[in-house]
Every structure is written in C-alpha cells, then in structure tokens.
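The values are calculated or read from the model by the stated rules, or taken from the named source; none is laboratory data. As the structure is a prediction and not an experimental result, all values here were calculated from the model. Reconstructed Cβ throughout: ideal geometry from the backbone, glycine too, with neighbour counts over all protein chains shown. Surface accessibility is based on the protein's heavy atoms, side chains included, excluding ligands, DNA and RNA. Shrake-Rupley method; radii C 1.70, N 1.55, O 1.52, S 1.80 Å.
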Amino acid sequence: TVVDTSGLHSLMIRFCRYTNALNPDMQLFETGLFPASFTLPKTTFTFAVLDNFLLDNLECGTLAMNYYSKLRQITSSMFPHLVPVSAVNGIDEGGQAVETAEDEKPKPKPGELALSCPPCLQPGVNVNLSEKNAANPAWLYSRSLVMDGNFKAEHLFPVNPTNEVALTDGLGFMIGNAQYKMHLAEAQDIPKENLTVTVVNQANASHHKLEVTGIGGCACTRHGCFVPHSMVDFQKGERF
Ligand SMILES: [Zn+2]
C-alpha cells in the first residue's frame, strides 16, 4: 500500500534483486517512499504526504487520526470506512483490533514495534560485537541507562474490565500484561529497614482504590530515549 496526498493506492512493487542491490527498505527510500517497517515493508508513505502532514499539523493543528480520515475520504468519498486502517490488523468501528487470516506472517517480538535509540549501542543493529576492536576504548561498547518514574500518573480500576482491550500488548514500550503479572507474583518485597520511607508511605496512602499508582521505566542517559519493552505500571509506591 502506498499512502500519498492523492489517497491510498494498492500497487505491486518489485524490488531489484541484483547481487549489489540495496535492501528493500533502502530502495524505497531512494524512490522517495518511507516504509512503515524495514524488514518486510508492506506499507509506504510518499515523502510528499509526510511533508504535507507536517504542514497541516503545524498550521492547522491536524492530528494524525484526522489527517488519515481525510486521506480515506480522498481515496473513496462514497465508502471511506472501507479504506483499510492497517495492513496487518483491521480496526473495526468500535476500535477493536480484528485479526486478518494471515497466520503465516511473522508475529512481532516483545518491544519490536517501538524504536530503540539510534545512536546508542544495539548489538546486531549498529554494532557487531564479534568484530569488536580491542584497540577501541571500553566505553564505546557500553550503554548507560537511567531508571525513573512518575508517581502521580494514577489510574483507577476500570468500571468494565472486559471493555479494556490491549491493541499491542507488550509489543511497544510497555511490558506485556501477562508477563508483568507473572513477575509481580514472583517478586518479593525486600524490607529496607535503614531507609527513610516516608515518600513511599505517602505514595501508598490510597493505593487500594487505584489499579496503577504511577509509571516508570528505563531511558538512555545521553539521549533520553525510552528503552522498548521497559516501561512498567507501579502497583504501590515505587514497587514493580
Ligand atoms: Zn541513546
């Protein structure tokens, strides 16, 4: 699917397969198309539509959702609701994700839908540790992370828990629900007798009404980019 200012187009794209040819994603970039994913691109955006969205967003305050509605309207003014929202999963009118029967497609791994910090060390992506040069200083092959949280991001228990459906459970920055519940069941509280814990006690004061008392996670020290699949909901003060 090619997304352009003139609407959405389903086109066949054949990649060059010569021995010296660039990867499919780089070939798309060379022709002015920005792929939505890099390993097996299925959806691309023309540079024109991305520039146009930036301008609309800057001058008219258009949100991505509204801009996409406009593109759907341009594609099919009679049946805009039939224009797909996603190539992999359709989203029905109620906002529920509907799996299409394409089981043979590789499923994304935990955190894979979120982007890692590009300049930071990512083994297998921007550095090959097996080709490590011993002459280089050690800090070149290290990453420094900070952990912090927001203890005011409270979340009440939902009125209808069955209505709460995760669209990308554990595939982005947050840890998967089932995996996190398993960790919470295993994790033991270690009593910290020597610490002054007034802050934690204050934070715990009314936790029984809340499903979540805050949010925390890891970010890289230098650039402040959040680490995919590292964000957690605090259950009680700083506990996770
Ligand atoms: Zn970084």
Next item on the list: Pull up region 74-104, narrow it to residues that are open to solvent by less than 90 Å² (accessible area, probe 1.4 Å) and modelled with pLDDT of 65 or more, then point me to the one that is nearest to the ligand (Cβ to nearest atom).
Entry: Val85
Notebook entry, point to check: Can you name the residue in region 1-34 that is assigned to a strand (DSSP E or B) and within 19 Å of Val83 (Cα to Cα) and, of all such residues, is most open to solvent (accessible area, probe 1.4 Å)?
Noted result: His9
Next item on the list: Looking at (1) touching a residue at least 40 places away in the same chain (Cβ under 8 Å); (2) under 23 Å from the mean Cα position of the chain (by Cα); (3) open to solvent by 100 Å² or more (accessible area, probe 1.4 Å); (4) over 13 Å from Phe226 (Cα atoms), find the lone condition where Pro108 falls short.
Entry: (3)
Notebook entry, point to check: What about Leu156, is it more than 18 Å from Gln235 (Cα to Cα), at pLDDT 80 or above and open to solvent by 100 Å² or more (accessible area, probe 1.4 Å)?
Noted result: no
Check: How many of the residues in region 112-141 are farther than 17 Å from Leu40 by Cα and more than 12 Å from the ligand (Cβ to nearest atom)?
Finding: 17
Note to self: So if I check each of Val127, Val146, which one is touching a strand residue (DSSP E or B) at 6+ places or on another chain (Cβ under 6 Å) and open to solvent by less than 80 Å² (accessible area, probe 1.4 Å)?
What the structure shows: Val146
